[in-house]
Amino acid sequence: MIPSFVSLVRADNPGPMTLEGTNTWIIGAPSGALVIDPGPLMQEHLNAIALETDGKVAGIFLTHGHLDHSEGAQRFSEMVKAPVFARLPEFTSKDAAPLVDGFQIKDGEVTFRVIATPGHTADSISFFAEKGSDTGDTGLFTGDTILGRGSSIVAYPDGSVGAYLESLRALSAMLDSRSPVLLLPGHGPVNESSLLVVDQYLNHRLERVEQVRAAIARGITDIEAITDDVYAGLSENLKWAALLSVHAQVAYINESA
């Protein structure tokens, strides 16, 4: 189930970090589609997005600069003659302005709003979209801030646990004041229980911080040793991600001391 004015084209780049692949979300609007995260530079995928939009694209929007979300943006921009918008200037088309928190597009019944959600990366943003103010036809596009399954990585040094916790708290407060909103992630399935998922993410991250804090209190100070203690049993192909995550958590604990 997705909002009536939204469609999905999934890139064929499955993996441990991308789950089934990168979700490219397409918001139908009168002046042209708004495309979120055109994904990796895979021509077959870009062709599928162009086909889904009928080549009528008003803008291309990036949740953050990681290649599995942004690599195809420039090529797709050239294909459909539409600008790329992102938090950072280096990912934004030269004739477009970088996105800021609260930026909003109103096109017919469709409203599209930028929500700054740093943490996964410093440039991470989410998007809230709705069609009509009273229909409940809404979606929250979270990129890698919240995934459709499992937990997201907050990797040192670009990722910030402090910023991530604040972003989750802000999303929770926003969702708590609204009717149910579908959560449409950058990877994995849609979730109808968006507020519950956001709060689970927040509690999980706080628990991880306390686990790292407890390991340090027991005299474990080496990042790799803390990782082995907190993430015992983790498969080797994901250990690199856990190391970066623990480094970010240690940095947060030191900053908070």
Among (i) 168; (ii) 186; (iii) 120, the entry that matches volume of the Cα convex hull per residue in Å³ as calculated here: (iii)
Nearest 10 degrees, 0 to 90: helix 194-217 Cα axis against the chain principal axis: 30 degrees
Percentage relative contact order, the chain, counting C-alpha pairs under 8 Å, at least six apart: 14 percent
Rounded to 10°, Cα long-axis angle of helix 161-176 versus longest principal axis of the chain: 50 degrees
Mean-position separation - Cα centroids, segment 141-156 and segment 44-74, in angstrom: 20 Å
Fewest-first ranking of His204, His69, using other Cβ atoms within 10 Å as the exposure measure: His204, His69
Crossing angle, helix 239-256 versus the chain [Cα axis fit, 0-90 degrees, rounded to tens]: 80 degrees
Footprinting exposure proxy for Ile125, Ile153 (fewest neighbouring C-beta atoms within 10 Å first): Ile153, Ile125
Dipole of segment 123-257 [Lys/Arg +1, Asp/Glu -1 at C-beta], most positive-end residue of Leu202, Gln249, Asn237: Leu202
For Glu255, Glu236, order by how many other beta-carbon atoms lie within 10 Å, fewest first: Glu236, Glu255
Added length on full extension, which subtracts the Cα-Cα distance from 0.36 nm per residue, Ala217 to Arg75: 46.1 nm
Neighbour net charge for Glu166 - beta-carbon separation under 14 angstrom, K R +1, D E -1: 0
Net charge of Cβ neighbours under 12 Å - reference His45; Lys, Arg +1; Asp, Glu -1: -4
Sequence-separation-based contact order of segment 206-254, relative, with Cα cut under 8 Å and 6+ spacing, percent: 45 percent
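Read-outs throughout are calculated quantities, based only on the coordinates presented, and are distinct from any laboratory measurement. Owing to the predicted nature of the structure, the values given are computational and were not obtained by experimental measurement. Cβ coordinates were reconstructed from backbone atoms using ideal geometry, including for glycine residues, and neighbour counts include every protein chain displayed.
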